[in-house]
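Notes to accompany the following structure.
Quick note: the coordinates plus some simple rules give every number you see, no bench work behind them. Because the structure is predicted, anything quoted here is derived from the model rather than measured. Reconstructed Cβ throughout: ideal geometry from the backbone, glycine too, with neighbour counts over all protein chains shown.
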Ligand SMILES: [Zn+2]
Ligand SMILES: [Zn+2]
């Protein structure tokens, strides 16, 4: 009969149980793997040679933030947001809903959602 061995064994399993409970409770739920964004057929580049200005989420030909001539035209029309230095109709800061119209144009053309610009405002 080996009482010491038995006692040790019992305390070890108690310790193990305590440890298990501690880790079981303290463990925070880890977020699952992030869903990878769908790959767009054409790689998004910022060379401004494409139809879409990925940086400003508007067609390049009307992107006043890339083209000073376009900007001047918008200013002449009175379509200008002084605060954000861009056409009011393209000021997604004042009204994020305005982006939807351009996004729809992009989607109609390419059949995919436009690339999301990096948030820098
Ligand atoms: Zn632009
Ligand atoms: Zn604005």
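Its relative contact order, with pairs defined as Cα atoms under 8 Å and 6+ residues apart, puts the stretch 52-110 at 26 percent.
With neighbour counts taken as other beta-carbon atoms within 10 Å, the residues 110, 102 rank, fewest first, as 110, 102.
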